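The values are calculated or read from the model by the stated rules, or taken from the named source; none is laboratory data. Computed from a prediction, not measured in an experiment: that's the story for all the values here. Cβ coordinates were reconstructed from backbone atoms using ideal geometry, including for glycine residues, and neighbour counts include every protein chain displayed. In case anyone asks, the SASA skips ligands and DNA or RNA and just uses the protein heavy atoms, side chains included. Shrake-Rupley method; radii C 1.70, N 1.55, O 1.52, S 1.80 Å.
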Amino acid sequence: MRPELDYRAVFAATPSPYLVMGTDLVVVDVNDAYCRATGRSREELVGLHLFTAFPDNPADPMADGVRNLGASLERVLATGEPDTMAMQRYDIPVPDRPGVFEERWWSPVNTPVRGSDGRVAYIIHRVEDVTAFVHARRFHPGDHLAERAQSMEAELYLRARELQRLNDELRSAHARERQVAVTLQEAMLHSPDLARHQDVAVRYLPAVGSLNVCGDWYDTVDLVDGRFTVAVGDVVGHGLEAATVMGMLRSALSAASRAVTGPAQALEVLGLYARSVDGALAATAVTALIDTRLKLIVYSSAGHPPPVLLRARGGCRLLDQATDPPLGARPEHVPRPQAGTAYHAGDTLVLYTDGLIERREEDIDTGLVRLTEALAPMSRLSPQRLADALLARLGVAGGARDDIALVVVRL
């Protein structure tokens with residue numbers, strides 16, 4: 001048996017300079033190469049904010065190292081993705097000479113490290129000191145070939161900085177566009193009735209790399225006599241087009257749930273409506289009516305993964321006895337199936353979209369087994385904690401390849 005790998009020894013011995021910081025940008029560790037590159041000891045750096053340890057050179061009015069590095073670190077925290085920076089001049093303090101800075105050039109890469117909840121927990125700041133290269137390329141007066149080489153290098157450097165500026169502007173524009181998309185999605189998913197249900201938790205995660213809008217939805221509708229419905233649905237595709245179709249179907253199902261007698265009839269109405277909506281073909285939905293007086297769940301599904309009933313005393317049951325093809329799939333109208341099951345106080349109903357369970361090269365049954373196994377020990381958690389714990393347990397707390405909508409109802 002091989003001995004357990006000593007990761008701290010590996011980190012310390014890595015030849016490239018590495019600095020590790022928390023999300024507050026406070027240094028938590030550095031390796032030996034970083035100490036050699038900066039002339040600082042580990043004891044001097046650990047516990048300091050990065051920009052307290054390495055401020056801009058006050059003698060250089062053009063110094064922008066802190067601004068550029070800070071923007072890169074913010075991008076890593078916001079996106080959870082690595083960020084490679086252009087070559088930077090970032091002078092560093094000279095040890096034992098207060099107020100004196102040494103000219104340095106660096107090639108930095110900032111990489112996120114995710115915690116068990118899927119969120120960024122640390123950032124690894126890796127740098128290569130390219131100062132010697134920059135200095136070596138500088139010319140002697142009268143050396144016309146060297147002058148031309150430096151002129152070309154200066155032009156390349158300026159173009160690299162201009163490219164970085166343009167990339168920053170593109171990122172800002174994308175951030176504004178993303179904020180508009182977030183506002184739109186929040187408006188489309190607004191559910192006044194949901195605010196009255198303290199025992200209902202919802203989560204919405206767009207696909208990783210998407211604009212933050214998608215075709216997944218959730219809704220809650222209050223009825224009379226202690227009854228209410230919960231629903232989730234999924235429109236094929238991503239982006240504003242899918243979100244527009246989602247908004248239309250969600251509103252139609254909300255209206256139908258208030259006007260007809262049960263989930264099956266509501267999905268029948270929605271299916272008829274979906275035939276007249278471009279982009280609604282193959283959309284899926286599941287809706288469940290919860291009767292708190294009779295302690296009864298009545299449900300119907302249009303091509304959607306089955307809800308899960310998590311028993312307070314342990315064990316899970318898939319509500320898969322009323323499954324039908326997706327909306328608009330049948331050319332002729334056919335009544336949809338409906339089924340019911342009793343529940344006990346303290347049970348939990350979980351509805352979700354397929355992004356929660358589906359993985360590439362796996363069939364849906366594998367995903368359903370993984371879901372029920374993850375839920376089984378969570379019956380005592382509150383809906384909010386259960387929702388977060390489930391996303392983390394399934395490895396999608398930071399998003400997945402597909403959109404995810406999740407509704408957790410404590411009955």
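Condition first: loosely packed, with under 14 Cβ neighbours inside 10 Å and in a strand (DSSP E or B). Now tell me which residues in segment 84-95 satisfy that.
Initially, segment 84-95 is screened for residues loosely packed, with under 14 Cβ neighbours inside 10 Å, giving 84, 94-95.
Listed by number, the list holds a single entry, THR84.
Working only within segment 38-73, note down all residues that are without any contact (Cβ under 8 Å) to a residue 24 or more places away in the chain, of a type in the set (Ser, Thr, Tyr) and either closer than 24 Å to ALA132 by Cβ or surrounded by 14 or more Cβ atoms within 10 Å (Cβ to Cβ) (or both).
SER41
Based on what the data block shows, is SER257 in a helix (DSSP H, G or I) and without any contact (Cβ under 8 Å) to a residue 12 or more places away in the chain? Steps first, answer last, please.
Working: in a helix (DSSP H, G or I): yes; without any contact (Cβ under 8 Å) to a residue 12 or more places away in the chain: no.
Spelling it out, it is not the case that SER257 is in a helix (DSSP H, G or I) and without any contact (Cβ under 8 Å) to a residue 12 or more places away in the chain.
Give me a count of the residues in segment 301-311 that are open to solvent by 50 Å² or more (accessible area, probe 1.4 Å) and within 28 Å of the chain's Cα centre (by Cα).
0
Take the residues in segment 224-267 that are touching a Lys or Arg at 6+ places or on another chain (Cβ under 7 Å) and farther than 14 Å from VAL286 by Cα, then tell me which one is most open to solvent (accessible area, probe 1.4 Å).
Taking segment 224-267 and keeping what is touching a Lys or Arg at 6+ places or on another chain (Cβ under 7 Å), we get 225-226, 233, 264, 267.
Narrowing further to those that are farther than 14 Å from VAL286 by Cα: 225-226.
Numbers: ASP225: 91, GLY226: 37 Å².
Filtering first and then ranking leaves ASP225.
When you scan segment 342-376, how many residues do you find that are in contact (Cβ under 8 Å) with a residue 24 or more places away in the chain, open to solvent by 10 Å² or more (accessible area, probe 1.4 Å) and outside any loop (DSSP other than H, G, I, E, B)?
7
Six or more apart or on different chains, Cβ atoms under 8 Å: show the pairs whose first residue is in segment 308-326 and among the aromatic types (Phe, Trp, Tyr) and whose second is open to solvent by 20 Å² or more (accessible area, probe 1.4 Å).
none
Across segment 247-278, which residue is farthest from GLY226 (Cα to Cα) among those that are of a type in the set (Gly, Ala, Ser) and touching a strand residue (DSSP E or B) at 6+ places or on another chain (Cβ under 7 Å)?
Step one: list which residues in segment 247-278 are of a type in the set (Gly, Ala, Ser), which gives 247, 251-252, 254-257, 259, 262, 264, 266, 271, 274, 276.
If we keep only those that are touching a strand residue (DSSP E or B) at 6+ places or on another chain (Cβ under 7 Å) as well, we get 254, 257, 262, 264, 266, 271.
On the way: SER254: 17, SER257: 15, GLY262: 14, ALA264: 19, ALA266: 19, GLY271: 27 Å.
Checking each candidate, the answer is GLY271.
Quick check on my filter: what residues within segment 25-79 are in a helix (DSSP H, G or I), under 16 Å from PRO15 (Cα atoms) and of a type in the set (Gly, Ala, Ser)?
Within segment 25-79, ALA33, ALA37 meet the criteria.
Would you be able to tell me the number of residues in segment 377-394 that are among the small types (Gly, Ala, Ser), open to solvent by 40 Å² or more (accessible area, probe 1.4 Å) and part of a helix (DSSP H, G or I)?
So the answer is 0.
Restricting to segment 96-131, give me the number of residues that are under 20 Å from PHE54 (Cα atoms), loosely packed, with under 13 Cβ neighbours inside 10 Å and either touching a residue at least 60 places away in the same chain (Cβ under 8 Å) or of a type in the set (A, V, I, L, M, F, W, C) (or both).
Taking segment 96-131 as the starting set, the residues that turn out to be under 20 Å from PHE54 (Cα atoms) are 96-111, 122-131.
Subset that is loosely packed, with under 13 Cβ neighbours inside 10 Å: 96-100.
Cutting the leftovers down to either touching a residue at least 60 places away in the same chain (Cβ under 8 Å) or of a type in the set (A, V, I, L, M, F, W, C) (or both) gives us 100.
Result for segment 96-131: 1.
Within segment 312-331, which residues are open to solvent by 60 Å² or more (accessible area, probe 1.4 Å) and either at pLDDT below 90 or basic (Lys, Arg) (or both)? Reasoning before the result, please.
Filtering segment 312-331 for residues open to solvent by 60 Å² or more (accessible area, probe 1.4 Å) gives 313, 317, 320-321, 323, 330-331.
Result: ARG313, ARG317, ARG330, PRO331.
Could you list, in sequence order, the residues of segment 235-251 that are farther than 16 Å from SER301 by Cα and at pLDDT 80 or above?
In the first step, residues of segment 235-251 are kept if they are farther than 16 Å from SER301 by Cα; the result is 236-248, 251.
Passing the criteria: VAL236, VAL245, MET246, GLY247, MET248, SER251.
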